[in-house]
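Right, one structure below, let's go through it.
The values are calculated or read from the model by the stated rules, or taken from the named source; none is laboratory data. What you see is a predicted model, and the numbers here were worked out from it, not measured in a lab. Virtual Cβ from ideal backbone geometry, glycine too; neighbours counted across all protein chains shown. The area values use the complete protein model at the heavy-atom level, side chains included, leaving out ligands, DNA and RNA. Shrake-Rupley method; radii C 1.70, N 1.55, O 1.52, S 1.80 Å.
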Amino acid sequence: MKKIWILCSVVILFACTKNSNTPSTNPPVIVPGAPTPLLNLPAGWRMNTTVTSGFPASAQVFTFDSIYAGRGMKAALLVYDARVNAIEFKPVLSSTAKTTTAFFTDEGSNTLAAINGGFFGSGQSFSLVKYNGQPVASANIKSVTRGFGGSNLPYFPTRAAFGVTATGLPQAEWIYHVGAGNDNIFRYPNPSPNTTAAAPQPVPTETFPANGSAWNIHSAIGGSPMLIKDGTIRITDTEELISINNATSRPRSALGYTANNLIVLLAIEGDNGTISPGVNLQELATLLQSMGCTNAVNLDGGGSTSFIVGGTRMVRPGDAGVERTVMSAVVLKRR
C-alpha cells in the first residue's frame, strides 16, 4: 500500500509540472484540514488559511497563480457570508491620498482587509463614498466632458455603485445624485443611454431614466462600470462614459456578490510581464460570473489596484511594485 501511495504521488507531481503552462482542468486546490469553501470556484484557486488567522469562520481567502484566458495570472479574493453579519463593510475616504496599506493600518486592530476604492484625480474622489447611513462623503461624478459635433459638451452618466444595507446585505446599482446636493441618491434598473456617438442625454432625475427609485443605502462605494447585473454579464462602459483601457490587460479590482449573499472582493495582479499581465473587463466579468457572482462592479484598477488581507499585501502593485496612493478604500472589520 505504501509503494502505491508513493507512485501515485509521483504521478500527480509529474502531471502538475507538465501542465503548468496550460489551463488547468483540475478542481480548486483544497488545503487538507481546511473548511469547506464558501464558493464553488473554478480550477486553480487555492485556499489561503495563513492570512485569515483569527478571522470569523464566515470569511475565506483564496489565491490564484496559474493560467487564465491563455495567460499567466496572479489574483486574490476574499469571500464572506453577509447573512452572518460578523463583518462590517466600511467604505472610507481620506482628505489626502494614501496607500491601501495605510487605510488598513489606520482602521485599527479589528481590521481584516482593505481593497482600493473608486476613481479619483487632482486630490479628489470621483466615486461615491457613503458609510453607516451618514451623509455622503463623496459623490459619483455628476458630469464629464466629451467631444461631440465639434464641441466639448457635458454628459451626465449614471455610474455603478456597490452597497450594503443596514444588515450587511449587498446591492449593485446604477445611480445618480439627483438635485443640488449629494444625499438624494436615485437608482435605475438601466443606465442612462449615453454614448459619445450622440448628443448628451438629459440630466438624470427622479423620473429619468425610467423607473428610478430612492436608494437609501446604508454604506456604499462607487465604481465603474457595472460588470454583471442580475445574473447577466452587462458591461456598461459606453453608457457610463468610462474609458479605463477596457479591452486591454491591466490590474483590476472588483466587488461582487452571489445569489445567496456571499460578498466577493477580488484583485487581479497586472502590469507584471508574462507572469501576470492582468485582464480586460470582459475577462474580469467572466471570472466573477464563474465564481457564482450575479452582480458585480468594477473599481479603480491599473496602478491603483491593491489588496491587503490580515496585514499581507496579496498582489504586486502595477506601478513597478510600488503601491499607489488613492483617495478611497473598502475596509472589512470584525464586528
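Calculated over the chain, the projected area of the Cα convex hull averaged across directions stands at 18.2 nm². For the range 320-335, the residues whose amide N sits under 18 Å from a probe point set 7 Å from the Cα of Asp106 along the beta carbon direction are 323-333. For the residues Phe186, Phe126, a 1.4 Å probe over the protein chains yields an accessible-area ranking, largest first, of Phe126, Phe186.
In the complete set of protein chains, residue-level accessible area for Tyr188 is approximately 0 Å², probe 1.4 angstrom. Build a GNM of the chain with springs between Cα atoms under 10 Å apart, and of Leu287, Leu78, Leu38 the one that fluctuates most is Leu38. The C-alpha atoms of the chain define a longest principal axis, and helix 2-18 lies at about 40 degrees to it. Backbone phi angles across the range 283-288, fed through the Karplus curve with coefficients 6.51, -1.76 and 1.60 (θ = phi - 60°), yield HN-Hα couplings of 5, 4, 5, 5, 4, 4 Hz in residue order; Gly and Pro are listed as x.
Using the Cβ-Cβ distance between Ala166 and Ala199 with R0 = 45 Å, the FRET efficiency computed as 1/(1 + (r/R0)^6) comes to roughly 0.65.
Rounded to the nearest 0.05, what FRET efficiency is calculated for Asn85 and Ser53 with R0 set to 22 Å and r the Cβ-Cβ distance? E(calc), rounded to 0.05, equals 0.55. Within the listed set Thr232, Thr274, Thr52, the residue fluctuating most in the Gaussian network model of the chain (springs between alpha-carbon atoms under 10 angstrom) is Thr274. Build a GNM of the chain with springs between Cα atoms under 10 Å apart, and of Ala267, Ala97, Ala214 the one that fluctuates most is Ala214.
In a fully extended conformation the segment linking Ala247 and Glu206 would gain 11.4 nm over its present Cα-Cα distance, using 0.36 nm per residue.
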